[in-house]
Number of protein chains: 2
Amino acid sequence: MSQMQNVERQLREMILGLEIGPGERLTERWIESRFGASRTPVRAALLRLETEGLVGRDGRGWTVSPINLAELEQIAVYREAVEVAALRLTCRLDDRSGIDVIEAMLASCDDTTPREEWHRVGMDFHIELARLSGNEFLFRAVRDAMTRLSRARWLEVRDETALHRAWAEHHAILAAVRVGDADEASRLLSAHIGGSRERLVTSLHDDRRGLRARGFAVVAA
Amino acid sequence: MSQMQNVERQLREMILGLEIGPGERLTERWIESRFGASRTPVRAALLRLETEGLVGRDGRGWTVSPINLAELEQIAVYREAVEVAALRLTCRLDDRSGIDVIEAMLASCDDTTPREEWHRVGMDFHIELARLSGNEFLFRAVRDAMTRLSRARWLEVRDETALHRAWAEHHAILAAVRVGDADEASRLLSAHIGGSRERLVTSLHDDRRGLRARGFAVVAA
DNA sequence: GATGCCAGCTTGGTATCCCAACTTGGTATC
DNA sequence: GATACCAAGTTGGGATACCAAGCTGGCATC
């Protein structure tokens, strides 16, 4: 593994894992010493992460992108458009056996599974579902949207009931895809994403004070 | 203007303008000497252009992305999803006066306008229409898709009639948006994009031999 | 004590150097 | 003539040196 990919991967993990807080300043020299790399791979990593929206330029200098409420709502609209489009493509495929793999993925979570794993699988559900469509651009759009959302997603599900409801919705979507009912699958997916957005925005709004107290920059809608 | 942005912009223009042929190899050192910059900004530019899909890695080394017929078809599906989503958002806005600006943009082309300008305005129509939605992600998705299509678009319109028909469709879409008829606007836009895809693919298929003769790499569907 | 100013430090941007991996061309060997 | 092999060159990845701009802290001035 090259240094470049290494720095990129580790830095992304730190940002997504909130080990570096949203809004925090980053200096190339700090990253350099933190990961034991020189500035060349550091800059490459920053340029990449910038296109993912995880870091941004702050005049001179770099900043971990703040959590932006308005942006999260826009992403929800965006992902609904691309996820539904991908889903409709998938429903028209002759071979939809790929949903079995996704079904198995969902089933891999049980009561003993740590919360963090549920989150990851919940995201992967949407990503893999989009991948089934075979359209590389729709897939990437969903993957990138989920990446951007992932820092905020840990806020979303606190209670078990909401989590299990989401899982039931995932299964229902797969069932509709299995029988090729594009309209029903789309309706379910739209509702699922809408509900997710709703919970996310509400939860984030409620927790803004707490986030700010932890030093995280949160931009209001 | 910093060197970094300079190299990026000039290199992008050369690639989009087919001054560097699809499939051509690029070396960092050649770009360096060509634009009188050092390798640092060159590499920053390449990393950027890679995320735009204009250049790619070829094992070790860089290559101008070939024109990929399958990719173009996938982009057409992708852009239809995001453009229609953006259009529907726009139709729900209270203030849709932005379409006047777009209308004026269309009107700026007449029989004396060079062919290249028609192309640019035709692309900008879709980009600006998406911008009206106010959704940054849908807007960027459309802009990036149009960028990727732009190298192939010059193939599309040879005859005047097809060009004028496209313009008529543009006007019809705007008219539907103006009165807030989302369903009609979406239908027209979908048909417009579908027709565009059809002509593009046909034209590209017919010209593949010619493109290859010019040394351009073209990947079949 | 408030304020203006300057030296020094920090920062990202750029240039340049080094290196390992790979390519290439020629050559010695059979 | 075919082939194995080696030397020289090329390439991208990485490290480092240097620079201009901007920030900071402290000192002189009022």
B:Ile99 being hydrophobic (A, V, I, L, M, F, W, C) and not assigned by TED's automatic domain parsing to the domain that holds B:Ala172: no
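Do we have A:Glu83 as under 25 Å from A:Arg187 (Cβ atoms), under 14 Å from the mean Cα position of the chain (by Cα) and among the acidic types (Asp, Glu) here?
Yes: the conditions hold for A:Glu83.
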Consider A:Arg25 against the criteria (1) within 13 Å of DNA strand D (Cβ to nearest atom); (2) within 13 Å of another protein chain (Cβ to nearest Cβ); (3) not polar (S, T, N, Q): it satisfies all of them except one. Which criterion is unmet? (2)
Any residue at all in segment B:30-47 that is within 12 Å of chain A (Cβ to nearest Cβ), more than 12 Å from DNA strand C (Cβ to nearest atom) and part of a helix (DSSP H, G or I)? yes
Determine whether segment A:41-61 contains at least one residue that is within 30 Å of A:Ala185 (Cα to Cα) and in contact with a strand residue (DSSP E or B) (Cβ under 6 Å, 6 or more places away or on another chain). no
If the requirement is being farther than 20 Å from B:Asp144 by Cα, of a type in the set (Asp, Glu) and more than 9 Å from DNA strand C (Cβ to nearest atom), which of these qualifies: B:Glu24, B:Glu50? B:Glu24
List every residue pair whose Cβ atoms sit under 8 Å apart, with the two residues 6 or more apart in sequence or on different chains, where the first one lies in segment A:192-211 and is closer than 15 Å to A:Ala70 by Cβ and modelled with pLDDT of 90 or more and the second, anywhere, is surrounded by 19 or more Cβ atoms within 10 Å (Cβ to Cβ) and among the aliphatic types (A, V, I, L, M). A:Arg197/A:Leu72; A:Arg197/A:Ala76
Just for helices (runs of 4 or more DSSP H) wholly inside segment A:66-181: which have at least 2 residues that are away from every other protein chain (no Cβ under 14 Å)? A:98-107, A:115-132, A:136-156, A:160-178
So, first residue in the same structural domain as A:Glu128 (by TED's automatic domain parsing) in segment A:144-167, second residue charged (D, E, K, R), Cβ within less than 7 Å, six or more apart or across chains; the pairs are A:Asp144/A:Glu52; A:Ala145/A:Arg79; A:Thr147/A:Glu52; A:Leu155/A:Asp207; A:Glu156/A:Arg199; A:Ala162/A:Arg199
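The values are calculated or read from the model by the stated rules, or taken from the named source; none is laboratory data. Keep in mind it's a predicted model, so treat the numbers as computed, not measured. As a convention, Cβ positions derive from the backbone with ideal geometry for all residues, glycine included, and neighbour counts pool all protein chains shown.
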